[in-house]
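A short worksheet on the structure shown next.
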Amino acid sequence: MKPLGLHEIRSAFLDYFEQNEHLALPSFSLVPQGDKSLLLIGAGMAPMKKFFTGEAEPPAHRVCTSQKCIRTGDIENVGKTDRHATFFEMLGNFSFGDYFKREAIHWAWGFLTDVLEIDPNLLWATVYLDDDEAYAIWNEEIGLPKERIVRLGKDDNFWELAVGPSGPCSEIYFDRGEKHGCGDPDCKPGCDCDRYIEVWNLVFTQFDKDEEGEYHPLSNPNIDTGMGLERIASVLQDANNIFEIDAIHAILEDICAMADYEYGTDKKKDESVRVITDHIRAITFMISDSIVPSNEGRGYVERRLTRRAAKHGRNLGIEGAFLYKLCESVIDSWKVQYKELDDNREVIARVILREEERFLKT
Ligand code: SER
């Protein structure tokens with residue numbers, strides 16, 4: 001396994017798909033454009049729905065991205081657990097009426113085993129219940145033994161948003177070993193324990209779901225794949241959680257330095273450090289995409305994250321505003337891929353400072 005850094009994995013992914021004739025697009029904004037069904041972008045395919053349905057012509061029929069994403073369903077759990085996060089990056093390759101299952105599976109396998117050099121014996125695949133075609137590609141072409149291919153139902157292996165492109169999927173899991181497992185001899189992907197972690201979701205986008213929940217077949221079958229960058233980085237770096245990943249850990253260390261605190265010495269304080277580590281990435285990227293604190297919609301999400309992070313700064317004994325300085329660490333690290341962060345550096349710091357000051361007054 002190649003012990004690559006977070007930023008290196010992202011470039012390796014985009015390079016690999018460019019070599020396979022994909023157009024690497026910059027990330028779309030976190031703000032959905034012309035799509036009232038979403039508050040924030042939370043998946044690589046979300047800003048490209050119109051390319052899947054044929055409503056708009058894509059710039060190329062093979063595209064790859066590293067998409068900025070925010071999911072806010074679990075804000076209250078961020079920090080409490082090692083696993084929850086609001087901001088993450090999703091790596092994806094997409095086919096708009098071009099290649100389908102065979103290429104998507106072969107390329108995913110090639111990237112994981114040839115480029116990242118993950119031991120193939122530690123990888124498993126799942127397929128949708130009756131998807132014999134995907135099953136045969138995994139088994140006969142990739143050579144994955146039948147024992148490591150699991151058929152799962154709609155809850156696990158069908159991907160959809162509230163409305164729009166959707167379809168059955170095939171997921172790739174990494175086996176972290178028995179020590180992370182539940183001990184059940186039948187433990188395999190689909191089990192609730194931490195042994196098998198999903199690293200890549202290959203969606204065979206065949207339907208367009210309407211507001212009534214009806215599925216309409218798309219004229220062209222498409223591919224939408226999504227691999228959480230932090231997830232694959234934690235596999236390669238043998239990290240137990242996202243906070244141990246190189247670039248993210250560097251932010252955590254900057255917070256500890258500001259608070260003059262040694263991580264791992266106090267449970268409550270560790271939680272605060274984790275909350276700030278997560279939230280500072282989210283708010284830096286949100287403001288860079290022009291989401292400013294307000295009392296409704298996206299602005300309210302931003303305000304909530306800033307205030308929550310500020311409150312946890314207090315728990316750490318940090319006096320006064322500090323997030324407006326900490327955002328520099330995020331910008332300096334992530335600007336390698338997201339140039340807009342550097343371009344918006346001053347605005348980001350100013351907006352954060354204003355909100356921190358408002359919060360400190362209350
Ligand atoms: N849309 C799928 C997901 O978000 C694959 O990209 O997991």
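Taking other C-beta atoms within 10 Å as the exposure proxy, 305, 236 rank 236, 305 from fewest upward.
Our summary gives region 197-253 a relative contact order of 27 percent, counting only alpha carbon pairs under 8 angstrom and 6 or more residues apart. Contact order, relative form, for the chain: 16 percent (alpha carbon pairs under 8 Å, 6 or more residues apart, mean separation divided by residue count). Exposure proxy for 212, 141, 356: other Cβ atoms within 10 Å of each Cβ, ordered fewest to most, give 212, 141, 356. Note on residue 253 and residue 214: the extension gain reaches 9.2 nm, defined as 0.36 nm multiplied by sequence separation minus the Cα-Cα distance. Our analysis of region 1-126 gives Rg over Rh at 0.99, with the two radii drawn from alpha carbon positions and Rh computed by the Kirkwood formula. When both region 89-105 and region 200-241 are represented by their alpha-carbon centers, they are found 9 Å apart. Note the angle between two axes, namely the Cα long axis of helix 246-259 and the longest principal axis of the Cα atoms of the chain, as a number of degrees from 0 to 90, rounded to the nearest 10. Tilt relative to the chain: about 20 degrees.
Checking the cross-link pairs 268/339; 80/335; 146/179 against a 31 Å limit on the alpha carbon distance flags 268/339 as lying beyond it.
Enumerate the residues in region 254-297 having an amide nitrogen under 16 Å from the point lying 7 Å beyond the Cα of residue 24 toward its Cβ. In region 254-297, the label zone of residue 24 (backbone N under 16 Å from the point 7 Å along Cα→Cβ) covers no residue. As an equivalent ellipsoid, region 246-311 spans semi-axes of 25, 13, 8 angstrom, where each value is the square root of five times an eigenvalue of the C-alpha gyration tensor, largest first. Note on the chain: antiparallel DSSP beta bridges, both residues inside, total approximately 80 percent of the bridges counted. The calculated FRET efficiency for the pair residue 151 and residue 192, based on their C-beta separation and a Förster distance of 22 Å, comes to about 0.80.
The convex hull defined by the C-alpha atoms of the chain has an orientation-averaged projected area of 18.2 nm². Just checking the listed ones, 54, 167, 226: in the Gaussian network model of the chain with Cα springs under 10 Å, the one fluctuating most is 54. For region 302-362 versus region 139-183, the spacing of their alpha-carbon centroids is 38 Å.
For every other residue with a beta carbon closer than 10 angstrom to the beta carbon of residue 88, add +1 if it is Lys or Arg and -1 if Asp or Glu, then tell me the sum. In short, +1. Angle, helix 6-19 long axis vs. longest principal axis of the chain, Cα atoms, 0 to 90°, nearest 10? Tilt of helix 6-19: around 40 degrees.
Could you let me know the centre-to-centre spacing of region 20-52 and region 57-87, using Cα atoms, in angstrom? Here the two parts' Cα centres lie 11 Å apart. Convex hull volume of the Cα atoms of region 17-70, normalised per residue: 75 Å³. Helix 101-110 and the long axis of the chain differ in direction by around 60°, with both axes built from C-alpha atoms.
Neighbour counting of Cβ atoms within 10 Å sorts the residues 31, 330, fewest neighbours leading, into 31, 330. Stretching the chain fully between residue 244 and residue 347 yields a gain of 34.1 nm (0.36 nm per residue, less the alpha carbon separation).
Here the spin labels are modelled as points 7 Å beyond Cα on the Cα-Cβ line, and at residue 12 and residue 314 they lie 4.4 nm apart.
Values in this text are rule-based calculations from the coordinates and carry no lab data. Computed from a predicted model, the values in this text were never measured in an experiment. Glycine gets a Cβ as well: all are built from the backbone with ideal geometry, and neighbour counts include every protein chain shown.
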